[in-house]
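Colleague: Okay, handing you the structure first.
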Amino acid sequence: VYVTEKDVSRGRLTFALEPRAAARRFWHQAEPDGLTPYRGTVTGFDAYSYYFDLGFGVPGVLRKDMVPPGTVVGEVGSSMQVYIIARDKNNHRLKLSLQRAL
């Protein structure tokens, strides 16, 4: 367990299972080329997107309109191979695809 924030005025500590440095390193080293496969765990979904954890707490989003017809995205907790196609710096998420770029 890692301490990620210390708020002395409130007497509060914030913890994480992975150090932030590892999350930052993964964020900058992950290749948004659509060619490199990554393992992602489904963490949730809504009407428009599926949400994945790619490790170190770095979130990824897969828009439902990017899922090929007939493809089943697993339930929450299941693991799938995904490809990073872009970094969304405003929302600090990675945009994903299930298909390898050509």
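Colleague: Please go through the stretch 72-94 and give me each residue that is farther than 16 Å from residue 41 by Cα and β-branched (Val, Ile, Thr), ordered by number.
Modeller: As a first pass, look at the stretch 72-94 and keep what is farther than 16 Å from residue 41 by Cα: 85-92.
Result: 85, single match.
Colleague: Still on this structure, I have one more. Just name the residue that is nearest to residue 96 (Cα to Cα) out of those in the stretch 45-69 that are part of a strand (DSSP E or B) and more than 11 Å from the chain's Cα centre (by Cα). Reasoning before the result, please.
Modeller: Step one: list which residues in the stretch 45-69 are part of a strand (DSSP E or B), which gives 45, 49-53, 59-63.
Subsequent filtering for residues that are more than 11 Å from the chain's Cα centre (by Cα) retains 45, 49, 63.
On the way: 45: 14, 49: 10, 63: 8 Å.
For the stretch 45-69, the residue satisfying everything is 63.
Colleague: Kindly provide the set of residues from the stretch 81-102 that are of a type in the set (Gly, Ala, Ser) and either at pLDDT 95 or above or part of a strand (DSSP E or B) (or both), ordered by number.
Modeller: Once the filter is applied, which keeps residues that are of a type in the set (Gly, Ala, Ser) and either at pLDDT 95 or above or part of a strand (DSSP E or B) (or both), the stretch 81-102 yields 86, 97.
Colleague: Same structure again: Take residue 59 and tell me if it is at pLDDT 85 or above and closer than 21 Å to residue 1 by Cβ.
Modeller: Working: at pLDDT 85 or above: yes; closer than 21 Å to residue 1 by Cβ: yes.
So residue 59 fits the description; yes.
Colleague: May I pose another question? Looking at residue 61, is it in contact (Cβ under 8 Å) with a residue 24 or more places away in the chain and surrounded by 16 or more Cβ atoms within 10 Å (Cβ to Cβ)? Explain how you work it out, then say what you get.
Modeller: Values: in contact (Cβ under 8 Å) with a residue 24 or more places away in the chain: yes; surrounded by 16 or more Cβ atoms within 10 Å (Cβ to Cβ): yes.
Criteria met by residue 61.
Colleague: Just checking, how many residues over the stretch 29-44 are aliphatic (A, V, I, L, M) and in a strand (DSSP E or B)? Let's see the steps before the verdict.
Modeller: Just the residues of the stretch 29-44 that are aliphatic (A, V, I, L, M), to begin with: 30, 35, 42.
After this cut, where a residue has to be in a strand (DSSP E or B) as well, the list is 42.
Qualifying residue count, the stretch 29-44: 1.
Colleague: Now for a separate question. I'm checking my understanding of the structure. Among residues of the stretch 81-97 that are over 15 Å from residue 35 (Cα atoms) and charged (D, E, K, R), which one is least open to solvent (accessible area, probe 1.4 Å)?
Modeller: 88
Colleague: While we're on this one: Within the stretch 70-80, is even one residue surrounded by fewer than 16 Cβ atoms within 10 Å (Cβ to Cβ), in a strand (DSSP E or B) and not hydroxyl-bearing (Ser, Thr, Tyr)? Full working, then the answer.
Modeller: The initial filter retains those residues of the stretch 70-80 that are surrounded by fewer than 16 Cβ atoms within 10 Å (Cβ to Cβ), namely 70-79.
Still in the list and also in a strand (DSSP E or B): 79.
Those still in the list that are not hydroxyl-bearing (Ser, Thr, Tyr) too: none.
No - not one qualifying residue is present in the stretch 70-80.
Residue by residue, here is whether (1) open to solvent by 30 Å² or more (accessible area, probe 1.4 Å); (2) over 22 Å from residue 2 (Cα atoms); (3) of a type in the set (Lys, Arg); (4) in contact with a Lys or Arg (Cβ under 7 Å, 6 or more places away or on another chain) holds:
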| position | (1), (2), (3), (4) |
| --- | --- |
| 12 | yes, no, yes, no |
| 32 | yes, yes, no, yes |
| 39 | yes, yes, yes, no |
| 49 | no, yes, no, yes |
| 55 | no, no, no, no |
| 99 | yes, yes, no, no |
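Colleague: Another question, then. Kindly evaluate residue 26 against the criterion of being without any contact (Cβ under 8 Å) to a residue 60 or more places away in the chain, part of a loop (DSSP other than H, G, I, E, B) and either open to solvent by 60 Å² or more (accessible area, probe 1.4 Å) or not acidic (Asp, Glu) (or both).
Modeller: Working: without any contact (Cβ under 8 Å) to a residue 60 or more places away in the chain: yes; part of a loop (DSSP other than H, G, I, E, B): no; either open to solvent by 60 Å² or more (accessible area, probe 1.4 Å) or not acidic (Asp, Glu) (or both): yes.
No.
The values are calculated or read from the model by the stated rules, or taken from the named source; none is laboratory data. This one's a predicted model, so the numbers in the text were calculated from it and none came from an experiment. Glycine also receives a Cβ, built like all others from the backbone with ideal geometry; neighbour counts cover every protein chain displayed. With ligands, DNA and RNA removed, areas are computed over all heavy atoms of the protein, side chains included. Shrake-Rupley method; radii C 1.70, N 1.55, O 1.52, S 1.80 Å.
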